[in-house]
1. So in the range 186-200, with the set limited to residues that are hydrophobic (A, V, I, L, M, F, W, C) and in contact (Cβ under 8 Å) with a residue 24 or more places away in the chain, which one is surrounded by the most Cβ atoms within 10 Å (Cβ to Cβ)?
2. Considering only the range 75-122, state which residues are β-branched (V, I, T) and touching a strand residue (DSSP E or B) at 6+ places or on another chain (Cβ under 7 Å).
3. So in the range 91-122, with the set limited to residues that are of a type in the set (A, V, I, L, M) and closer than 20 Å to A17 by Cβ, which one is nearest to the chain's Cα centre (by Cα)?
4. Quickly run through the range 376-406 and pick out the residues that are modelled with pLDDT of 80 or more and surrounded by fewer than 17 Cβ atoms within 10 Å (Cβ to Cβ).
5. Looking at L114, is it among the hydrophobic types (A, V, I, L, M, F, W, C) and crowded, with 18+ Cβ neighbours inside 10 Å?
6. So, in the range 53-73, of the ones that are without any contact (Cβ under 8 Å) to a residue 40 or more places away in the chain and surrounded by 13 or more Cβ atoms within 10 Å (Cβ to Cβ), which residue ends up nearest to F25 (Cα to Cα)?
7. So which residues in the range 303-324 are under 25 Å from Y370 (Cα atoms) and surrounded by 21 or more Cβ atoms within 10 Å (Cβ to Cβ)?
8. Is it the case that some residue within the range 5-23 is among the basic types (K, R), at pLDDT 85 or above and assigned to a helix (DSSP H, G or I)?
Amino acid sequence: MMGNDMLSVSRLFFCAADVYMLYRFFSAIFQQKWVGKRRIIASVVTGLLIFFENAIGNIPLNLITVPIFSYVYIVVTFKVSLTNAIAYMIIFFTFVGGREVVFEFLYRFMSNVLPFYIPPWFTAGGVYFLLVEYIVGMLFILYIEKYIKKLNIRNDNIISWYLLIVPILTLMILTSFSFIDFSYSVAIEAFVCISAILLYLSNAAIFIILERYTEVMNKVKYAELITVKKEMENEYFQNILKINEHYRLFMHDINSYFNSFRFLALDGENKKIVEIIDELKGKIQKETDIIIYNGSPVLNAVLSERVSKSKELGVEISLFVEKFLKIDFISDADIISMFGNLLDNAIEAAAKCNINNRNINVKLFMGTNYFLIFYIENSFTISAKKEGTKLLSTKEDSKHHGLGIGIVSSLAEKYGGSLNLEERDGIFITTLTVSTFGNVEDANFGT
């Protein structure tokens with residue numbers, strides 16, 4: 001009878017393989033926090049801890065400590081939320097557990113129908129069969145890796161928990177089958193073995209389906225945002241033409257105005273001159289209401305539309321946009337989502353206030369050469385509801401509202417920044433900070 005082989009070099013290799021597969025799985029989804037030597041050290045330490053724990057041979061202890069070691073490794077190595085770390089670690093371990101159960105079925109079937117003995121996995125003779133299992137496991141990880149890389153899963157994405165359904169049910173079904181003795185019928189055992197393999201492989205389908213769904217939804221979103229962008233650019237262009245036309249008419253009449261001013265001045269009608277100038281000033285200001293805030297047509301359209309909306313609702317808005325603002329690193333779609341959502345929230349909150357207290361103060365400027373800051377102060381009457389640190393909608397139909405803040409938070413994270421919301425002395429303060437070294441890959445869409 002072969003002895004226990006848990007302290008051999010081969011077992012250390014398998015522990016290292018476990019850590020490597022865990023790393024490959026998470027690196028396909030989340031950005032790394034620790035790279036280089038620190039990541040290698042974390043991987044080595046985790047592998048050694050699992051190795052020595054396995055050598056003890058206590059299965060209940062193994063089921064507790066190995067997930068803890070793996071979870072700590074994930075949290076310190078990747079930029080992942082604590083909840084997503086749990087969700088995806090469970091998914092990974094159900095893949096691992098499912099693989100082990102499938103091979104248990106396979107080796108059991110082979111032992112019954114073939115004339116040779118398959119040693120237990122914890123013995124020296126079982127190493128070769130375990131190697132086959134690990135090769136299959138690595139190929140499975142590599143196969144699903146190309147799909148999960150395209151999912152762009154955020155740290156606040158609830159889809160992480162939906163992904164648990166298929167793997168966990170698969171593991172439950174396979175584990176329950178392992179306690180049933182099918183050896184009395186080779187045909188049934190073969191059928192169960194094949195079914196177990198297909199059920200295990202079907203777990204890859206959840207990522208393939210999600211990747212296809214994400215691709216389709218991105219195309220839909222792309223088409224919608226292209227339409228919005230073109231409408232905004234057309235509106236912006238029409239506004240420029242309108243302003244130019246008003247100035248052209250004004251310049252056409254300027255000589256007539258100057259001649260009138262000359263005769264009025266000679267007659268000592270200075271008061272009349274002032275009245276005409278004031279009238280002209282008001283007329284020009286009213287007819288050329290659209291201001292060019294920045295070189296970005298989309299940003300100008302977003303700001304101009306919200307200024308017009310504020311005036312319609314009787315909200316006094318003060319808007320400052322720094323000259324030579326660096327905005328081209330943000331995609332047009334994200335400009336609409338980030339700035340549009342935050343301004344809409346501020347306008348709606350201020351519009352609910354008393355008519356004499358409807359104020360919004362907006363500043364868009366470069367905090368440094370590396371950070372863009374969008375700062376909003378607005379009056380409000382209804383304090384925002386909170387669930388922990390999450391802000392909830394104050395609208396009656398809160399199920400379909402309040403999504404804007406979540407969208408902006410995700411986009412801020414995408415561009416290496418943050419979104420801060422606070423209430424101070426009757427003023428609601430929103431501070432959006434994004435890094436100018438944002439997601440270059442998504443720099444712009446459409447033309």
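The values are calculated or read from the model by the stated rules, or taken from the named source; none is laboratory data. Just so it is clear, the model here is predicted, and its values are computed rather than measured. As a convention, Cβ positions derive from the backbone with ideal geometry for all residues, glycine included, and neighbour counts pool all protein chains shown.
1. Only one residue tops the list, namely A196.
2. T77
3. The qualifying residue nearest to the chain's Cα centre (by Cα) is I91.
4. Result: T381, G406.
5. In short, no.
6. Result: Y71.
7. Once the filter is applied, which keeps residues that are under 25 Å from Y370 (Cα atoms) and surrounded by 21 or more Cβ atoms within 10 Å (Cβ to Cβ), the range 303-324 yields only L303.
8. Yes, that holds for at least one residue.
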